[in-house]
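What follows is a short report on a single structure.
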Amino acid sequence: MTTSLLILTLEKKRDLLRARALARQVARLLGFDATEQAVIAAAAFEIGHLAQAQAATAALHFQVTDTTLHIAPLHRPGADAPPLRLEKPLPRCESTPAAPDLAWVVQQLADLTPCKAMEEVRRQNQELLRALAELKACQAKLEQLTAPQTQPSAA
């Protein structure tokens, strides 16, 4: 079963920030964790950017097919589709709304949520800082695991 969640028109650069924010909200509604929400938001931005580079006006289509989230550019018939698209398996989540309800909620988000560019950039910076902190923690753990073990000398 395929449920179309949203078709978002991209006419101006600020529409890319709106696509990013809405992608994060869709991901949250679908039960993705914070890291995956950031990945989905960044992918939506990049897909939208590439679609906008090919046409003055572009659009992103958000849909759920069975157990997969799809974000892809819409293109005019006969035009080459941009190669970049996102297909992400949905997390197992008990609290995900039913598909028709989810489509309604996403449409309400798109209609009622204004784009706050500075808030979106601030959130992007927070995601980047969180990712860097996680990377540092992983590097420290890796160094600890690969450090040579000192053996006590037998006297």
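Taking Q37, is it under 17 Å from P89 (Cβ atoms) and touching a strand residue (DSSP E or B) at 6+ places or on another chain (Cβ under 9 Å)?
Here the answer is no, as Q37 does not meet what is asked.
Could you grab me the full set of residues in the stretch 6-37 that are of a type in the set (A, V, I, L, M, F, W, C), within 11 Å of the chain's Cα centre (by Cα) and part of a helix (DSSP H, G or I)?
Passing the criteria: A19, A21, L22, A23, V26, A27, A34.
If a residue has to be farther than 22 Å from L129 by Cβ and either touching a strand residue (DSSP E or B) at 6+ places or on another chain (Cβ under 7 Å) or polar (S, T, N, Q) (or both) to count, how many in the stretch 20-34 make the cut?
Looking only at that region, the number is 3.
List the residue pairs whose Cβ atoms are under 6 Å apart, where the first residue sits in the stretch 127-155 and is within 24 Å of Q37 (Cβ to Cβ), the second is at pLDDT 80 or above and in a helix (DSSP H, G or I), and the two are 6 or more positions apart or on different chains.
Close Cβ pairs (under 6 Å, with a partner that is at pLDDT 80 or above and in a helix (DSSP H, G or I)) amount to E127/A38.
Residue-by-condition table, conditions (1) more than 21 Å from M118 (Cα to Cα); (2) in contact with a Leu (Cβ under 7 Å, 6 or more places away or on another chain):
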{"residue": "L8", "(1), (2)": "no, yes"}
{"residue": "R14", "(1), (2)": "no, no"}
{"residue": "A27", "(1), (2)": "no, no"}
{"residue": "V39", "(1), (2)": "no, no"}
{"residue": "Q54", "(1), (2)": "yes, no"}
{"residue": "A59", "(1), (2)": "yes, yes"}
{"residue": "R92", "(1), (2)": "yes, no"}
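Just need a number here: residues in the stretch 87-103 that are surrounded by fewer than 15 Cβ atoms within 10 Å (Cβ to Cβ), of a type outside the set (K, R) and modelled with pLDDT of 80 or more.
The total comes to 3.
Give the stretch 70-86 a look and list any residue that's at pLDDT 90 or above, aliphatic (A, V, I, L, M) and more than 10 Å from the chain's Cα centre (by Cα), or say none. So that I can check it myself, show each step before the final result.
Keep residues of the stretch 70-86 that are at pLDDT 90 or above, which gives 70-73, 85-86.
Restricting the remaining residues to those that are aliphatic (A, V, I, L, M) gives 71-72, 86.
Within the stretch 70-86, just A72 meets the criteria.
Looking at (1) more than 16 Å from A110 (Cβ to Cβ); (2) assigned to a helix (DSSP H, G or I), which is the only condition I40 fails?
Only one criterion in (1) more than 16 Å from A110 (Cβ to Cβ); (2) assigned to a helix (DSSP H, G or I) is unmet by I40, namely (1).
For the stretch 47-63, check the following and say yes or no: at least one residue is modelled with pLDDT of 75 or more, farther than 22 Å from T9 by Cβ and either assigned to a helix (DSSP H, G or I) or not aliphatic (A, V, I, L, M) (or both).
For the stretch 47-63, residues modelled with pLDDT of 75 or more, farther than 22 Å from T9 by Cβ and either assigned to a helix (DSSP H, G or I) or not aliphatic (A, V, I, L, M) (or both): absent.
In this structure, is Q151 farther than 28 Å from G31 by Cβ, over 19 Å from the mean Cα position of the chain (by Cα) and at pLDDT 85 or above?
It is false that Q151 is farther than 28 Å from G31 by Cβ, over 19 Å from the mean Cα position of the chain (by Cα) and at pLDDT 85 or above.
Yes or no: A41 surrounded by 15 or more Cβ atoms within 10 Å (Cβ to Cβ), in contact with a helix residue (DSSP H, G or I) (Cβ under 6 Å, 6 or more places away or on another chain) and of a type in the set (A, V, I, L, M)?
yes
The values are calculated or read from the model by the stated rules, or taken from the named source; none is laboratory data. These figures come from a predicted structure and were not determined experimentally. For neighbour counting, all protein chains shown are included, and Cβ atoms are generated from backbone atoms with ideal geometry for every residue, glycine included.
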